[in-house]
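What follows is a set of notes on a single structure, which appears directly below.
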Amino acid sequence: MALQTGLYYPYVHLRDESWAKAAALYWRNLARVVPTGFPVRDRDVIKELNQGSGFLVDTDPRPAVARVAPAFVEAIRDNAEALRARFAVEDRRFTSRWQSAPMLAPTTRDLTGLYPEEVPAELEAALEEAGLAYRDWRQMVGHQQVSWVVVDPALAWTYKCAITEELARRTAFAPVTDQLDAYTATGEWTAERITDTLLGGAAPTVGREAAQARMAMMAVQCVLPADLRHVPADKIVRLRTQYADEFAAFAAAVEAATADVVGATQEVTDRAAFELHLQGAFDSHLAQPLESLRKAMNGLKLDTVFTTLTVKPEVTVPGAGLAWLLGGTATAVGTGIAFAALATRQAAARERDTLVTSSPAGYLLRVEKELKPATMLRRAGRVMARTAGVGI
């Protein structure tokens, strides 16, 4: 359950740039489902996040599709009339491609599209026979015309979740999404569960399978600036690559917190109770260590300044000797203090680095400091603090 690769769904393109930046801070890689021939058209920010780091990994859905499609065929053929009453496509409008489809609004009259490479011929035939789908060739992705299997958004959503769950099982990637309701949409997708989900009889789950992704996102969000849109993508990339040791410690803490939650909630079916367990593990493994690290770093700064300002001349013999050789007794004291202050700052810098790298919250503190909006004066002060060994 190591914090390595997330599996993004239900879309190909990452829709929320701020979410993508946050995800890049807690996933080593982010896999996404890209059917063969799908024309990927990423925004510039997403391209910049991906450049040089290989953050995004395209994953072929065909093996998962071959596994889950038969269950959908069975569910559709056994419940065609009931499904048609709820999800018929006749006289309904196909709005556009996935980027703007209202996936989480099952009551909408607008339709959405599945890419044909994700829909085997037998499933498409079953959908069309039941009045649940038709083929549309008119929509565009970028400048390329694309064919779609047009269906109700709730049906598309269920199918996408099933494909994602099967891919996650095959790859050991962790399903993750910027659609909040999707965190409860995981589990084994049999024909019975598909029917129950589509016709409204499925019992809700507590989202245990997505606890790791939720834990990591909670941790990162607690240190992010309010408006992540204004943070340059290159800063995100630098944080990902520059602080590998701190990231590893952070990933281990997320894994430990997730294990605690999963272990403690095996029999829990109440959503509110599960959320309390999740929050408790987050506080214990991440929030409290972060606060302790902040206090330790603040204390280190105060101690360093105090020590530097109270250095006594009698402890600066090497400095005095050097000044005597240079021909000035008055300079000796100043040079000795400077040498002692430098040694103190270097020791503080070593202690600072040890504190940050050894703490599971060290990476979070790096993120907080690096991405916090700063005035020119504060940025200059931060540079001076780092030079003096009292900043991170």
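The values are calculated or read from the model by the stated rules, or taken from the named source; none is laboratory data. Since we're looking at a predicted model, the values are computed, not measured. With ligands, DNA and RNA removed, areas are computed over all heavy atoms of the protein, side chains included. Shrake-Rupley method; radii C 1.70, N 1.55, O 1.52, S 1.80 Å.
In this structure K21 has an accessible area near 10 Å², from a 1.4 Å probe over the protein heavy atoms.
Rounded to whole numbers, the Karplus 3J(HN,Hα) couplings from phi for region 229-242 are 4, 8, 8, x, 4, 5, 5, 4, 4, 5, 4, 4, 9, 7 Hz, using 6.51 cos²θ - 1.76 cosθ + 1.60 with θ = phi - 60°, and x at Gly and Pro. Can you give the percent of C-alpha pairs in region 1-88 whose distance is more than 14 Å? Counting pairs separated by more than 14 Å, the tail of P(r) holds 72 percent. In this structure, the amide hydrogen of V176, modeled 1.01 Å from its nitrogen in the peptide plane, lies closer than 5 angstrom to those of L7, Y8, Y9, counting only residues at least 5 positions away or on a different chain. Legend: residues T354, T112, sorted from most to least accessible area (1.4 Å probe; ligands, DNA and RNA excluded), read T354, T112. A 1.4 Å probe, protein heavy atoms only, puts the accessible area of I236 near 0 Å².
Placing D91, D110 in order of accessible area, with the largest value first and a 1.4 Å probe, yields D91, D110. Of the residues E118, E74, ranked by 1.4 Å probe accessible area with the largest first, the sequence reads E74, E118. Once backbone amide H atoms are built at 1.01 Å from N, V146 has Q139, M140, V141 as its partners under 5 Å, excluding neighbours fewer than 5 places away on the same chain. For S358, what accessible surface area do you get with a 1.4 Å probe? Give it in Å², rounded to 10. About 80 Å², ignoring ligands and nucleic acids.
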